[in-house]
1. Along the Cα-to-C-beta direction of GLU95, a point sits 7 Å from the Cα; which residues of segment 141-176 have their amide N less than 19 Å from that point?
2. What GluC sites (Glu not before Pro) does segment 53-113 have in DSSP loop regions with at most 15 other beta carbons within 10 Å?
3. With a cut-off of 8 Å between alpha carbons and a minimum separation of six or more residues, what is the relative contact order of segment 1-84 in percent?
4. Using the C-alpha atoms of segment 1-146, what convex hull volume per residue, in cubic angstrom, is computed?
5. May I ask you to give the percent of accessible area on segment 6-273 that is carbon plus sulfur, with a probe radius of 1.4 Å?
6. Could you work out the Rg to Rh ratio of the chain, with Rh taken as the Kirkwood radius (inverse of the mean 1/r over all Cα pairs)?
7. Binning at 5 angstrom from zero up to the longest distance, how are the C-alpha pair distances of segment 106-218 distributed in percent?
8. In Å², and per residue, what accessible area does the chain have when probed at 1.4 Å with the other protein chains present?
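The values are calculated or read from the model by the stated rules, or taken from the named source; none is laboratory data. Please read these numbers as outputs of a predicted model, since none were measured by experiment. Virtual Cβ from ideal backbone geometry, glycine too; neighbours counted across all protein chains shown. Accessible surface is based on the protein model in full, side chains and every heavy atom, while ligands, DNA and RNA are left aside. Shrake-Rupley method; radii C 1.70, N 1.55, O 1.52, S 1.80 Å.
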Amino acid sequence: MDKKPYVIVLGNEKGGTGKSTTAMHLVTALLRLGYQVGTVDIDARQGTLSRYIDNRRHYTETNKVNLPLPQHYRLTRSAEDSTKTAQEQDKATFEKIYQELGDKDFIVIDTPGHDLYLSRLAHSYADTLITPLNDSFVDLDVLVHLKHDSMEMEKPSIYADWVWEQKKHRAMRDRGSIDWIVLRNRLSSIHANNKQKMEGVLNKMSKRLAFRMVPGFSERVIFKELFMQGLTLLDLTDIGRPLKLSHVAARQELRDLMNAINLPPLQKKVAEAFK
Ligand SMILES: Nc1ncnc2c1ncn2[C@@H]1O[C@H](COP(=O)(O)OP(=O)(O)O)[C@@H](O)[C@H]1O
Ligand SMILES: [Mg+2]
């Protein structure tokens, strides 16, 4: 069968922007749509996605509820001293996991917030790369360096440069392309002015750096609460928790994200359902 899993990578070079949270929500949404999903955590140091999934497993066992879980791999970096040997080993480990997840519809990969050979390698496998960005000008640095006295772009960031590199690697390996998406996270209604300014700058950059913007998540406490139990916004009904207005709004944001991502296998599934 000539079927390759669709790979979604969560990445940017900063920590704490919502990569693992977004990964877990995407994974749950895909599982609930009936897809086979594999997950890879190459955030070896923090391992947030792995902990999220462990918490979820624990919750299902102790509360005897059936919540969908992905087939998960935790990838730890080679301990070899020589960079060359370490990279060869890392590549082999990554490719082995990729093969083992070969029968899945989707592979979702969470990457750490710093430069790492494995992280770069994973980026080069992405069909869709999602970069969550906190809604502040400090976080814009992940994408671009702005001139000191204006909102003009001085040069792309190191991260933007290496996404460009990985796009080339991807094209060389299988002539595939990476759809790069920037997702604004923790949007606040208080700083409407800042939000608008960010929007203007990001729109300009999206053309220069070849990414597209999708609607993001508002700042909501519920995200922090859910992590401890390994739950997502899509599990609340199953565990008998009444949906508050803010939960409904947050679920809508997730739905908008899913629609905006425009994942090819999803389109196929929708088409099949309407045949
Ligand atoms: N939209 C949001 N509203 C409130 N808290 C959020 C939101 N998104 C993420 N967080 C919280 O921010 C912290 C960092 O998120 P995380 O997904 O671990 O980021 P990363 O993987 O990029 O390091 C976590 O405590 C998470 O619960
Ligand atoms: Mg993380």
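1. Of the residues in segment 141-176, 166-176 have backbone N under 19 Å from the label point off GLU95.
2. Details: sites: GLU61, GLU80, GLU88, GLU95, GLU100; in loops: GLU80.
Filter output for segment 53-113: GLU80.
3. Numbers: 65 pairs, mean separation 24.8, N = 84.
Relative contact order for segment 1-84 comes out at 29 percent.
4. On the way: hull volume 19.5 nm³, N = 146.
Spelled out: Cα convex hull of segment 1-146, divided by residues, is 134 Å³.
5. Working: 6710 of 13130 Å².
After summing per-atom areas, the C and S share lands at 51 percent.
6. Working: Rg = 18.7 Å, Rh = 19.5 Å.
Ratio value, two decimals: 0.96.
7. Computed distribution, short to long bins: 2, 11, 21, 24, 19, 13, 7, 3, 1, 0.
8. Values: 14060 Å² over 275 residues.
So the chain comes to 51 Å² accessible per residue, rounded to a whole number.
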